[in-house]
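Colleague: Dropping a structure here in structure tokens format, bear with me for questions.
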Amino acid sequence: MRKDVRILLVGEPKVGKTSLIMSLVSEEFPDEVPPRAEEITIPADVTPERVPTHIVDYSEAEQSDEQLYQEITKHFLSSSQANVICIVYSVNNKKSIEKVTSHWIPLINERTDKDSRVPLILVGNKSDLVEHSSMETILPIMNQYSDIETCVECSAKNLKNISELFYYAQKAVLHPTGPLYSPEEKEMKPSCIKALTRIFKISDLDNDGILNDNELNFFQRTCFNIPLAPQALEDVKNVVRKNMSDGVKDNGLTRKGFLFLHTLFIQRGRHETTWTVLRRFGYDDDLELTQEYLFPLIKIPPDCTTELNHNAYLFLQSVFDKHDKDRDCALSPDELKDLFKVFPYMPWGPDVNYTVCTNEQGWITYQGYLSQWTLTTYLDVQRCLEYLGYLGYSIIQEQESQAAAITITRNKCIDLQKKQTQRSVFRCNVLGARGSGKSGFLQAFLGRNLARQKKIREDHKSYYAISTTYVYGQEKYLLLHEVLPDFEFLSEADVACDVVCLVYDISNPCSFEYCTKVYKKHYMDSKTPCVIIAAKSDLHEARQYYSMSPLDFCRKHKLHPPQLFTCNTAEAPSKDIYTKLTTMAMYPHMTQADLKNSTFWLRASVGATVFAVLGFAMYKALLKQR
Ligand SMILES: Nc1nc2c(ncn2[C@@H]2O[C@H](COP(=O)(O)OP(=O)(O)OP(=O)(O)O)[C@@H](O)[C@H]2O)c(=O)[nH]1
Ligand SMILES: [Mg+2]
């Protein structure tokens with residue numbers, strides 16, 4: 001919100017500018033006033049909108065033209081220009097009215113930026129002296145100049161409309177018409193329509209294009225903190241019905257009806273209603289989503305990872321459900337486009353379809369959709385916060401901010417010490433020489449055999465693959481990351497992970513050496529579990545040009561024997577290896593002997609069950625609390 005409001009009063013001599021200010025401050029009409037009142041500041045807590053407000057007088061007798069221009073014009077390095085200007089005339093003085101258009105408006109317009117005009121208010125003072133109003137003369141002026149926010153007739157003498165005048169001035173600054181409405185065209189501006197349309201879509205929880213009573217009530221409650229009385233709800237709908245044929249459908253408000261209502265609010269000077277809605281949904285004065293809304297502060301300590309919590313998954317599930325119109329548990333291109341309509345850009349490119357599971361048509365499945373969200377949260381939590389912001393997470397879930405969706409896991413070192421983890425996303429880096437079969441290994445995790453992989457376009461390729469596996473009955477995400485084989489350029493991030501796969505091609509005699517080099521340089525002395533994958537096992541095995549056979553190498557370094565793998569299968573390739581990798585990532589301290597030891601498996605699985613039961617009990621307790 002704005003820090004303060006600066007109101008400047010201008011106009012012909014003796015129209016009563018100084019008297020108006022004095023009347024406001026002392027609540028009585030001063031018989032004698034100085035030519036120019038001192039600048040006064042009204043503290044925030046006594047103004048209607050709770051913003052500190054400065055009121056600045058002008059007097060031709062005391063001030064030069066230069067001094068006047070300084071008050072009007074935006075100056076580099078100075079913040080003391082007016083945010084709103086009241087042009088005062090005297091209702092019993094024709095000449096002072098003429099001067100409004102012949103002198104004051106041009107003078108102000110010449111000195112303010114065309115794109116960020118200060119709002120103007122026409123003030124007719126001394127209404128106590130005349131019987132009839134000056135509105136007849138004023139309305140044509142209002143229609144002619146769109147910068148005129150409003151007009152008001154008042155009297156400093158009998159204190160009529162004085163506080164209203166300063167309230168309107170404050171409102172003109174805090175809830176400006178400019179960004180919302182074009183008075184020339186008598187309709188809302190495109191950017192305002194765009195923002196309200198997004199708000200409509202978010203509030204339309206079942207995505208049927210209509211805000212029903214429930215949705216309207218929820219909307220009302222989130223924006224204004226009070227529920228709408230049933231009668232008020234009907235009244236609103238009736239107003240819309242009376243004015244347009246397709247504003248109300250099935251007893252709910254359509255997008256057109258919703259926009260019409262806001263146009264009505266604005267036309268009747270109730271901008272603050274529309275502004276309240278816009279600000280609640282994160283918009284600033286330029287109708288852009290604010291940085292504070294999109295990127296709430298969140299601190300991720302080193303060696304911690306970021307995951308979505310249960311509540312966030314429930315939310316994402318509801319977003320999926322509302323867009324999966326044909327209920328086939330996958331998002332068609334049209335459904336996906338509809339889902340991202342509340343975004344300013346399309347966040348998912350075609351590569352996402354090769355990062356997560358899809359159905360036979362190549363459409364992202366429910367599983368795949370949640371996986372992609374999990375991936376974004378893990379790799380780029382800021383982006384995840386931004387995306388959740390576009391979806392209106394904090395508003396729909398009634399949370400402080402999107403940060404409430406994120407679980408920051410505890411430091412990995414503590415997990416290692418305690419030999420247990422509560423994380424649910426594990427990262428496996430896949431390294432190997434060029435052409436050794438890394439991509440095939442990633443795509444096989446998503447259920448694609450070699451034949452299906454051959455259809456993937458080069459520019460749609462992804463270096464990530466993420467899906468779920470079950471370890472002792474618990475669903476976990478395994479994130480595979482294919483690392484480019486430039487040995488010299490492996491970064492810290494390329495190396496750090498929970499489990500590593502070193503891939504070689506059994507049919508290519510030169511491919512194993514790369515694995516041994518990477519292993520010796522990066523993993524031999526680390527605690528990261530390591531698996532050698534003997535890829536393309538459907539092909540004829542060649543003898544590797546290396547001093548040791550892969551099996552001997554594994555024995556020497558106490559690694560599992562090379563795991564035979566092929567994606568050249570008729571059906572979807574087996575998932576066993578991925579479950580194994582996830583298990584090793586979860587229990588990195590587990591030795592080869594442990595893996596074979598049946599009591600370990602028993603202990604691990606009992607532990608998992610106890611945890612699952614406990615988790616369920618906690619969930620039930622939480623539900624009761626609501
Ligand atoms: N009847 C009546 N007289 C008013 C009212 N407001 C101001 N006056 C009188 O109008 C005269 C001019 O008032 P000022 O407040 O000095 O006018 P100003 O616009 O500040 O004039 P400059 O400083 O010279 O530009 C004074 O004699 C006031 O008493 C009003 O509402 N009704
Ligand atoms: Mg004065």
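Colleague: Could you work out how far helix 135-144 tilts from the main Cα principal axis of the chain, as a 0 to 90 degree angle to the nearest 10?
Modeller: For 135-144 against the chain, the angle is about 40 degrees.
Colleague: Determine the shape class of segment 340-458: with a ≥ b ≥ c the square roots of the Cα gyration tensor eigenvalues, call it rounded for a/c under 1.5, and otherwise prolate if a/b is greater than b/c, oblate otherwise. Could you put the intermediate results ahead of the total?
Modeller: Working: a/c = 2.49, a/b = 1.22, b/c = 2.04.
Cα axes put segment 340-458 in the oblate bin.
Colleague: In whole angstrom, how far apart do the alpha carbon centroids of segment 202-271 and segment 421-494 sit?
Modeller: Cα centroid to Cα centroid, the span is 48 Å.
Colleague: Run the simple label-point estimate for SER26 and GLU98 please: 7 Å along Cα→C-beta, distance reported in nm.
Modeller: Spacing of the two 7 Å Cα→Cβ label points: 3.4 nm.
Colleague: If you line up the long axis of helix 576-586 against the longest principal axis of the chain, both from Cα atoms, how many degrees apart are they, to the nearest 10?
Modeller: The angle comes out at about 70 degrees.
Colleague: Return the calculated 222 nm mean residue ellipticity for the chain, to the nearest 500 deg cm²/dmol, obtained by summing -39500 (n - 2.57) across DSSP H runs with n ≥ 4 and dividing by the residue count. Before the final figure, lay out each step's value.
Modeller: Numbers: 26 runs with 251 residues, N = 626.
Result for the chain, helices only: -11500 deg cm²/dmol.
Colleague: Using only the heavy atoms of the protein chains and a 1.4 Å probe, how would ASP57, ASP303 rank by accessible area, largest first?
Modeller: ASP303, ASP57
Colleague: Roughly how tilted is helix 162-174, in degrees to the nearest 10 and between 0 and 90, from the longest Cα axis of the chain?
Modeller: On a 0 to 90 degree scale, this one is about 30.
Colleague: What trypsin sites (Lys or Arg not before Pro) in segment 114-147 are in a loop by DSSP, with at most 10 other Cβ atoms within 10 Å of the Cβ? Please list the in-between numbers first.
Modeller: Details: sites: LYS114, ARG117, LYS126; in loops: LYS114, ARG117, LYS126.
The qualifying sites are LYS114.
Colleague: Once you put a point 7 Å from the Cα of LEU159 and another 7 Å from the Cα of THR73, both along the Cβ direction, what distance in nm separates them?
Modeller: 4.1 nm
Colleague: Follow-up question, since we're still on this one. Taking R0 as 45 Å, what FRET efficiency do you get between GLU458 and ASN225 from their Cβ-Cβ distance, rounded to the nearest 0.05?
Modeller: Details: r = 54 Å, r/R0 = 1.19.
So the FRET efficiency works out to roughly 0.25.
Colleague: A further question on this structure: Using protein chains only and a probe of 1.4 angstrom, how many square angstrom of LEU450 are accessible, to the nearest 10?
Modeller: Only protein atoms counted, so the area is about 50 Å².
Colleague: Now, a different point. Do any GluC sites (Glu not before Pro) in segment 8-91 lie in a DSSP loop with no more than 14 other beta carbon atoms within 10 Å, and if so, which?
Modeller: Answer by residue number: GLU27, GLU28, GLU32, GLU38, GLU39, GLU62.
Colleague: Add +1 for every Lys or Arg and -1 for every Asp or Glu among the other residues with Cβ under 13 Å from the Cβ of ASN568, and state the total.
Modeller: Summing Lys/Arg as +1 and Asp/Glu as -1 gives +1.
Colleague: Under a 1.4 angstrom probe, counting protein chains only, how are SER182, SER116 ranked by accessible area, largest first?
Modeller: Numbers: SER182 15, SER116 55 Å².
Most to least solvent-accessible, the answer reads SER116, SER182.
Colleague: When the convex hull of the C-alpha atoms of the chain is computed, what volume per residue in Å³ does it have?
Modeller: 211 Å³
Colleague: Calculate, for the chain, the solvent-accessible area per residue in square angstrom, rolling a 1.4 angstrom probe over the heavy atoms of the protein chains.
Modeller: 51 Å²
Colleague: Moving on to the next point. To the nearest Å, what is the center-to-center distance of segment 504-549 and segment 1-49, using C-alpha atoms only?
Modeller: 82 Å
Colleague: Please work out the FRET efficiency for the pair LYS186 and ASP538, using the Cβ-Cβ distance as r and a Förster radius of 51 Å; give the result to the nearest 0.05.
Modeller: According to the calculation, E is roughly 0.10.
Colleague: Please give the FRET efficiency for THR290 paired with SER547, using the beta carbon to beta carbon distance and R0 = 60 Å, rounded to the nearest 0.05.
Modeller: 0.45
Colleague: If a/c stays under 1.5 just call it rounded; otherwise compare a/b with b/c (prolate if a/b is bigger, oblate if not). Do that for segment 20-108, with a ≥ b ≥ c from the square roots of the Cα gyration tensor eigenvalues.
Modeller: Details: a/c = 1.67, a/b = 1.10, b/c = 1.51.
Oblate, since a/c reaches 1.5 and b/c is not below a/b.
Colleague: On a 1.4 Å probe surface of the protein chains, which of ASP204, ASP31, ASP334, ASP494 comes out largest in accessible area, and what is the full order?
Modeller: Result, largest first: ASP31, ASP334, ASP494, ASP204.
Colleague: Summarise the accessible area of the chain (1.4 Å probe, protein heavy atoms) by the percent that is carbon and sulfur. It would help to have the intermediate numbers written out before the result.
Modeller: Values: 16540 of 31630 Å².
Heavy-atom surface of the chain belonging to carbon and sulfur, 1.4 Å probe: 52 percent.
Colleague: Continuing with the same structure: Amide H neighbours of GLN563 under 5 Å, at least 5 residues apart or on other chains, H built in the peptide plane: list them.
Modeller: ILE532, ILE533, ALA534
Colleague: Given labels modelled 7 Å from the Cα in the Cβ direction, how far is it in nm from TYR145 to ARG241?
Modeller: 4.3 nm
Colleague: Any lysines with Cα under 24 Å of the LYS256 Cα? List them, leaving off those in the same chain fewer than 8 positions away.
Modeller: Leaving aside lysines fewer than 8 places away in the same chain, those within reach of LYS256 are LYS186, LYS189, LYS194, LYS201, LYS237, LYS242, LYS322, LYS325, LYS337, LYS341.
Colleague: Going by a ≥ b ≥ c, the root eigenvalues of the Cα gyration tensor, does segment 248-311 fall in the rounded group (a/c under 1.5), the prolate group (a/b larger than b/c) or the oblate group?
Modeller: oblate
The values are calculated or read from the model by the stated rules, or taken from the named source; none is laboratory data. Predicted model, so just to flag it, every value in this text is computed and none were measured. Positions of Cβ are backbone-derived with ideal geometry, glycine not excepted, and every protein chain shown enters the neighbour counts. Please note that ligands, DNA and RNA were not included when accessible areas were found on the heavy atoms of the full protein model with its side chains. Shrake-Rupley method; radii C 1.70, N 1.55, O 1.52, S 1.80 Å.
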